[in-house]
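Here is the structure we will look at.
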Amino acid sequence: MDQFSQAILPLVSILVVISSICYFKWLSKSAAKFPPGPWGVPILGYLPFIGADMLHKFSQLASKYGEIYMLRLGNKLCVVINSPSLVKEVVRDQDNVFSNRSPPVAGFIVSYGAKDMVWSPNNSEWRALRKISSREMLNNRSLELSYNLRKNEVRKAIRRVYKNGKAAVEINVLAFQTELNVITSLLWGELLQGEEEEIIGKKFRGVVPKLIDLIGKPNISDFYPFLAGLDIQGIKRQMESYWRTIDTILDDVIEKHKKKLSKGVMEVGRKDFLQILLEFKEKDKDSISDTQLKALMLDIVAGGTDTSATTMEWAMAELMNNPIIMEKAQKELSEVVGLDNIVEEHHLPKLKYLDAVVKETLRLHPAVPLLVPRSPSQSSIVGGYTIPKNTTVFINVAYIQKDPRFWDNPREFKPERFLGGEYDFSGNSFKFLPFGSGRRICVGLPLGERMVMYFLASLVHSFDWKLPNDQKLDMSEEFGMMLRKSVPLVAIPNPRLFDSKLYM
Ligand code: HEM
């Protein structure tokens, strides 16, 4: 231990003790009725018992304490919601109050100080960012106009797999790359080409999943804000380094785009999102700041790629793990699309069984299992209990979507349960909300849903898949902010279409 740490440690310990005593006094004196929950130990609260798999622990506690419970992690007060009726109270009845966020240190850095969409509080700037993103890029009408761009990328992926013959494919890598190319094309079109595009793609692929994992990592600076300056685990330093990598890319892209715009060489047809934002800024300088512009682009790249790629990987893994279901999905594709044809987006609404496969995948493996935590802007009542202002509120979607009170044989992968058309992704059913719900619902839902369906349909229609050396599939999960597959899915393709030209 260095001299500085030796000197600071007693002071830190005293501060921790004082703040914990204040907290316990406040809790016991308060007349309010708080949710039940585990007490933990003085100073640390429940922190020593939470373990590495917070999602598993949260679900265990839900079985013990029920629909809602409260726990203290260090100095941070957390509430976990575990039932559809209480989700409704939060995301529908009191949506305005609970649409605030309280970003962790890592989230605050990566969002340029909560200037983005994911971590911004519920304010007029956040509303403006959401409005322009959905109106200009992510709504169904704009997405229909940009279909060719998605088609190019999905066809590129299929072609690459075909050309590599029987070489094993790492599904997440392929899915991530395809989704990233789609998103960056939507954002800045053909601005980057060839080698430059490759290098930037590689950097994003290297950084984005790490950056998301770092946000989900328990951080002493979040549990004891007065220790944040010490950055004991080095999370702040690490995040700043990832953020700098992306910030440099974004600066470069914006500069290039501005130059192109000033030379008047922009496309006259469909404008890319960055062009729209820059023109918007040109008309009204106060409409969006340079920082917000970069924060928004980072959100879209980080929010869209890893979530979609992880979902595509889980869907493929479930299909390969359940050969009868795979057969049914392929039969539907043969009937709707035909083996003498390629999948197009206009086929998607007719692929009812595949749609049920995607929904069942997101029920069992929600990409963001606790949603992005909310934080009430004022003290509120949920389920008859008081939730103090600024509490971190988790909605345990992973638990609700496997609760046997609402789902028959909840651990079984059974797409048929979604064939009745009772559920969609709109967040209106509080039993099934993999994209969240209310005013904070995923802004990229129209693109995420389309891309997962289109990519999955193309993979399963174009190839039969098997595991290398007839290995057994490992379906274990790894919890972070995202629910990943612990062992990446690697599979061998075997072409199933009639004509090799359909792969070109
Ligand atoms: C399968 C794909 C996806 C899944 C499962 C998913 C899931 C989610 C979830 C659960 C949330 C939090 C909602 C809440 O707190 O209620 C969210 C928020 C968000 N997502 Fe997605 N997402 C996906 C794709 C995308 C895509 C393609 C984009 C961008 C193009 C995107 C951008 C965002 C953004 C910016 C937010 C923050 C919205 C806000 O706080 O206002 N997501 N997503």
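The values are calculated or read from the model by the stated rules, or taken from the named source; none is laboratory data. Since the model is a prediction, treat every value here as computed from it, not as a measurement. Remember, those area values only see protein heavy atoms, side chains included, never the ligands or the DNA or RNA. Shrake-Rupley method; radii C 1.70, N 1.55, O 1.52, S 1.80 Å.
Kyte-Doolittle cut-off 0.5, length cut-off 27 Å along the helix's own axis using Cα: show which whole DSSP H helices in the chain pass. Show your work: numbers first, answer last.
Numbers: long enough: 3-29 (40 Å, 1.23); 194-216 (34 Å, 0.00); 235-262 (40 Å, -0.94); 290-321 (47 Å, 0.19).
Membrane-span-like by this rule: 3-29.
Can you give me the Rg/Rh ratio for the chain, using Cα atoms for both radii and the Kirkwood formula for Rh? Before the final figure, lay out each step's value.
Numbers: Rg = 23.7 Å, Rh = 24.3 Å.
On the Cα set of the chain, Rg over Rh gives 0.98.
With a 1.4 Å probe and all protein chains kept in place, how do Lys281, Lys271 rank by accessible area, largest first? Please report the intermediate quantities before stating the final value.
Details: Lys281 40, Lys271 85 Å².
The most accessible residue leads, giving Lys271, Lys281.
Taking a probe of 1.4 Å, how large is the accessible area per residue of the stretch 212-362, in Å²? Show your work: numbers first, answer last.
On the way: 6550 Å² over 151 residues.
Computed with neighbouring chains in place, this is 43 Å² per residue.
On the full set of protein chains, 1.4 Å probe, figure out the accessible area of Arg374 and give it in Å² to the nearest 10.
10 Å²
For the stretch 144-230, give the percent of accessible area contributed by carbon and sulfur heavy atoms, probe 1.4 Å, rounded to a whole number. Provide the component values of the computation, followed by the final result.
Details: 1970 of 3860 Å².
Taking all protein chains in place, the stretch 144-230 shows 51 percent carbon and sulfur surface.
Determine the per residue accessible area of the stretch 101-175 with all protein chains present and a 1.4 angstrom probe, expressed in square angstrom.
Numbers: 3380 Å² over 75 residues.
Per-residue accessible area for the stretch 101-175 comes out at 45 Å².
Given the protein chains as shown and a 1.4 Å probe, how many square angstrom of Val87 are accessible, to the nearest 10?
0 Å²
Order Glu170, Glu89 by their accessible area, 1.4 angstrom probe, all chains in place, largest first. Write out the running numbers ahead of the final one.
Numbers: Glu170 85, Glu89 50 Å².
Largest to smallest exposure gives the sequence Glu170, Glu89.
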